[in-house]
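Chemist: Have a look at this one before I ask anything.
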Amino acid sequence: MKARFAAPFLLCILFTLASVWSVWIRPINAEHLDQAASGHHIQLQRMNETAAALYAAAASNEKHLAYNRLMKLKQQTESGMLRGFGTEAGWEALDNEMAETEVLLLSGSPSRDWNEGAARIALAVDAISSGSGGLWLQYDKLLEDDLAAIRKAWKRSAGDPAAAALARLNHFEVYASRIGPAALMAGSAHETEQLIQGIKEASALLKAKMAAPDDHQRLQLAIEAAFSSMEASSSAMFEGEAYRSAFKPIAQSSGGPDVTQWVLFFGTVIAAVLTWTGWRKYKQDPFGVKTLH
């Protein structure tokens, strides 16, 4: 007969403990996670500021200041937690850019050699913290315009169309190379690789056309196909994964009770009612023996 109230009583205790955990303990843990996410966001912003300062120093041709900012950025990027944001391919590209830029700064190379490296670094770091608002996404229109200019130069009737298209392609390649690490950091590795490959193929074909201007049909079709491939890869690079934020909060706190808290609350109430009902019946009839009339 004790089972009438003993089992509900145990359930009531379990539900009560679970409710306490859900209402008081779990929010504390979530708060700690939110604080950790906020701390990572602050570190990302500081890293972004350092990268922007590196680019500004490079643009002003201040080699000593650029080197100091680069060393500070390399120290900031050593954080294992921060490398959880972005992509592995993006971080590999960023590390390579920082190493190459450091070599150029120490070797006394002219500013134009390490200015592009500073720009690629700044855009890649910005892609980590800014995500769908990354500065590199603004190059979408620039690349689109360059691709149209390449097509226009290729179709010109005067002069050497292949040479004109190659000149525009070289300009396009500078932009594509500049945003390469940022695109990798945003998750567009496949599209970036295809675009780079398309640029190489188009460049080789245009040079072949310049060397053999009478080869019309074969090279003409191959060059057109290479241009189409670049256009498709460039468009795809700015879509899909590229628009997803590279910074993903670790946890998000809720503004009110969630479903779990409500379930535990009502479970506690029901278990308490069953316990009370079972206890009353037990007190009225402890041994479950009924008198026969």
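The values are calculated or read from the model by the stated rules, or taken from the named source; none is laboratory data. Quick caveat: nothing in here was measured; it's all calculated off a predicted structure. Note that each Cβ is placed from the backbone with ideal geometry, even for glycine, and that neighbours are counted across all protein chains shown.
Chemist: Checking the conditions here, which among Met1, Met71 is farther than 30 Å from Ser188 by Cα, surrounded by 13 or more Cβ atoms within 10 Å (Cβ to Cβ) and either modelled with pLDDT of 90 or more or in contact with an Asp or Glu (Cβ under 9 Å, 6 or more places away or on another chain) (or both)?
Modeler: Details: Met71 fails: farther than 30 Å from Ser188 by Cα.
Criteria check complete, one pass: Met1.
Chemist: Could you tell me whether segment 10-30 includes any residue that is basic (Lys, Arg) and at pLDDT 70 or above?
Modeler: Step one: list which residues in segment 10-30 are basic (Lys, Arg), which gives 26.
Keeping just the survivors that are at pLDDT 70 or above gives none.
Among the residues of segment 10-30, not one is basic (Lys, Arg) and at pLDDT 70 or above, which makes the answer no.
Condition check ((1) in a helix (DSSP H, G or I); (2) free of Cβ contacts under 8 Å to residues at least 12 places away in the same chain; (3) under 30 Å from Gly133 (Cβ atoms)) across all residues:
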site	(1), (2), (3)
Ile196	yes, no, yes
Lys200	yes, yes, no
Ser203	yes, no, no
Ala208	yes, yes, no
Arg218	yes, yes, no
Ile223	yes, no, no
Ser233	yes, no, yes
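Chemist: In segment 94-146, what count of residues is obtained for those that are exposed (fewer than 14 other Cβ atoms within 10 Å of the Cβ) and among the hydrophobic types (A, V, I, L, M, F, W, C)?
Modeler: 3
Chemist: Another question about this same structure. Please specify each residue of segment 60-83 satisfying the condition of being in contact (Cβ under 8 Å) with a residue 24 or more places away in the chain, of a type in the set (Gly, Ala, Ser) and closer than 22 Å to Ala183 by Cα.
Modeler: Result: Ser79, single match.
Chemist: Output the number of residues of segment 147-193 satisfying the condition of being aromatic (Phe, Trp, Tyr) and crowded, with 20+ Cβ neighbours inside 10 Å.
Modeler: Of all residues in segment 147-193, those aromatic (Phe, Trp, Tyr) come to 154, 172, 175.
Those still in the list that are crowded, with 20+ Cβ neighbours inside 10 Å too: 154, 172.
So the answer is 2.
Chemist: Continuing with the same structure: Give the residues of segment 129-176 that are in a helix (DSSP H, G or I), out of contact with any Phe, Trp or Tyr (no Cβ under 7 Å at 6 or more places or on another chain) and of a type in the set (A, V, I, L, M), sorted by residue number.
Modeler: Leu135, Ala148, Ala149, Ala153, Ala162, Ala163, Ala164, Leu166, Ala167, Leu169, Val174, Ala176
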